[in-house]
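The values are calculated or read from the model by the stated rules, or taken from the named source; none is laboratory data. These numbers were taken from a predicted model, which means no experiment stands behind them. Heads up, the Cβs are rebuilt from the backbone with ideal geometry, glycines too, and the neighbour counts pull from every protein chain shown. Only protein heavy atoms, including side chains, enter the accessible area calculation; ligands, DNA and RNA are left aside. Shrake-Rupley method; radii C 1.70, N 1.55, O 1.52, S 1.80 Å.
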Amino acid sequence: MARRAAAGLLRRHLGPLAAGETLQARGMYPKQYGAANHAFSRFYSIQGQQRSLYGFRTNVETDDTQQSARMNFEVQKRSFSSAAAHVQRNPAYSVLNSDDVSYFKSILGDSGVVQDEDRVSVANMDWMGKYKGSSQLLLLPKSTAEVSKILSYCNSRRLAVVPQGGNTGLVGGSVPVYDEVNGILTCEAGCVLENLSSYVENKGFIMPLDLGAKGSCHIGGNISTNAGGLRFIRYGSLHGSVLGLEVVLADGTVLDMLTTLRKDNTGYDLKHLFIGSEGSLGIVTKIAILTPAKLPSTNVAFLSCNDYISCQKLLLAARRSLGEILSAFEFMDRHCINLAMKYVEGVHNPLPVSPYNFYVLIETTGSDESYDKAKLEAFLLRSMEDGLVADGVIAQDISQASNFWRIREGISEASVKVGAVYKYDLSIPVEKLYDIVEEMRSRVGDMGQVLGYGHLGDGNLHLNILSTKYSDKMLAQIEPFVYEWTSKQRGSISAEHGLGLMKAEKIHYSKSSEAVQLMASIKKLLDPNSILNPYKVLPQSVL
């Protein structure tokens with residue numbers, strides 16, 4: 001019976017995307033911020049209307065606002081984001097004055113120095129509305145040389161600087177350079193990820209990184225936060241894809257590590273210090289990144305499972321059976337699907353007949369359409385016979401594939417429409433990954449709804465707790481429990497989103513005191529005045 005049902009499923013639904021088409025090439029991924037639960041908001045270069053490549057906001061007050069800013073300078077960190085206290089301004093930082101503004105205008109011109117309250121306010125607020133700063137000035141440099149001059153001056157004056165990018169949503173960048181023989185892209189940090197994706201696809205390659213927010217995020221910010229994304233299971237971390245970087249240090253020194261060599265064992269590989277450092281050690285201005293070949297055969301399946309153990313077993317079976325063609329393995333619980341159906345415009349449930357506890361999205365990409373189809377057919381047939389899959393559909397065209405991905409990517413977007421959302425990004429051993437979701441439901445009770453979804457193939461859980469409003473009572477049920485529980489599993493409190501301001505004081509849950517002290521030593525060496533992205537990544541007590 002199971003074999004007949006599985007065979008029927010394959011006959012009805014199997015239909016790979018047309019050869020030569022990829023999901024990304026057809027524009028199926030949404031452009032909205034946070035569509036893949038990524039908050040790319042604080043560490044990127046801002047691109048102004050004059051198409052600048054890099055940008056900064058300086059979180060210091062001007063003379064005419066000094067008194068009021070001092071009263072309200074601490075980062076306005078709303079209670080739902082963390083239980084940590086407000087961050088008070090470091091008195092060692094200088095106060096911005098008119099001479100500073102005049103200097104910046106001398107190197108950037110009037111158009112590169114923004115003091116307009118409306119434009120600066122955009123840079124002062126992250127896309128989720130969780131953090132509000134009090135910066136009075138926004139700078140829009142257009143070259144590495146200008147970045148170097150800015151940092152050299154700010155370091156000498158001890159003016160704090162926050163590099164920022166996709167937060168404004170303004171589009172710009174530079175013309176990338178491509179080595180088609182070796183598949184290596186060299187570009188500047190202000191390039192928007194989606195533009196780079198289109199550029200390399202036209203040459204027969206793809207970016208190793210793909211995110212729901214690719215229409216707004218910048219590659220410099222992706223590197224600085226070591227963004228993970230949907231292709232991690234296939235292509236791995238940016239630590240493996242990035243071949244070289246150009247970085248401007250806090251004192252203005254331009255560190256040229258922009259090699260395109262695949263192999264180079266001469267001394268320490270310094271670029272890795274800046275991948276994932278969130279702009280706290282230096283500002284990435286150029287990147288050389290390895291791009292995989294664009295493969296012509298793509299299939300997307302949307303499956304249901306009765307329990308989480310079936311999802312685990314299905315992942316193991318997929319690794320063994322699909323092997324080299326497996327390019328994504330995403331899971332969602334039924335609460336996520338219900339939320340997406342209610343709030344994500346234009347999507348429909350591929351499996352509307354019966355509600356299931358869990359859903360899995362599997363994508364395969366390969367070079368041989370018939371071979372890939374046969375592998376996927378055999379895998380799904382065995383999985384249904386073994387009881388791992390309760391039901392499922394395979395995309396017959398690009399529209400269906402887009403719908404499947406839109407459901408997965410739309411969960412984060414939908415969650416913010418409920419009212420209040422507490423978001424956590426955790427790395428946990430796969431066998432324990434869903435346990436914290438169930439324990440959190442017990443703790444929260446009727447106060448809110450708990451969602452669990454994420455990149456199961458990477459052991460990455462996105463834990464979302466939804467409520468009608470933010471409250472200290474709710475937060476007390478979540479923190480520090482979520483960090484303590486993750487620490488006991490030897491997991492990570494930040495799988496791919498970084499630490500930023502929210503979790504800087506929580507780093508000890510994932511890293512030893514010796515490791516944190518070594519990080520602090522590196523920070524002090526490269527940025528002795530601590531002007532780069534202050535209050536982020538590391539606890540203030542170690543700096």
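For segment 486-501, the tally of residues that are open to solvent by less than 20 Å² (accessible area, probe 1.4 Å) and hydrophobic (A, V, I, L, M, F, W, C) stands at 2.
Just one of the listed residues (E369, E413) is at pLDDT below 95 and under 20 Å from the mean Cα position of the chain (by Cα), and it is E413. Against the conditions (1) of a type outside the set (A, V, I, L, M, F, W, C); (2) on the phi < 0 side of the Ramachandran plot; (3) modelled with pLDDT under 95, Y359 satisfies every one except (3). Scanning segment 451-477 for residues that are β-branched (V, I, T) and surrounded by 23 or more Cβ atoms within 10 Å (Cβ to Cβ) returns a single hit, I465. In the set (1) farther than 17 Å from V87 by Cβ; (2) surrounded by 15 or more Cβ atoms within 10 Å (Cβ to Cβ), the condition left unmet by K105 is number (2). Can you tell me which condition I287 does not meet? The list is (1) over 28 Å from S402 (Cβ atoms); (2) outside any strand (DSSP E or B); (3) open to solvent by less than 10 Å² (accessible area, probe 1.4 Å), and all the others hold. Here I287 meets the rest and fails (2).
Name the one entry in K263, K286, K271 that is without any contact (Cβ under 8 Å) to a residue 40 or more places away in the chain, within 23 Å of the chain's Cα centre (by Cα) and not assigned by the TED database to the domain that holds A401. So the residue among K263, K286, K271 that is without any contact (Cβ under 8 Å) to a residue 40 or more places away in the chain, within 23 Å of the chain's Cα centre (by Cα) and not assigned by the TED database to the domain that holds A401 is K271.
Only one residue in A340, A328 is in a helix (DSSP H, G or I) and either among the hydrophobic types (A, V, I, L, M, F, W, C) or open to solvent by less than 50 Å² (accessible area, probe 1.4 Å) (or both), so which one is that?
A340
Residues in segment 78-109 that are assigned to a loop (DSSP other than H, G, I, E, B) and among the β-branched types (V, I, T) were compared, and the one that is modelled with the highest pLDDT is V95.
For segment 408-503, no strands (runs of 3 or more DSSP E) sit wholly inside it while including 3 or more residues that are among the small types (G, A, S) and either free of Cβ contacts under 8 Å to residues at least 24 places away in the same chain or closer than 22 Å to R234 by Cβ (or both).
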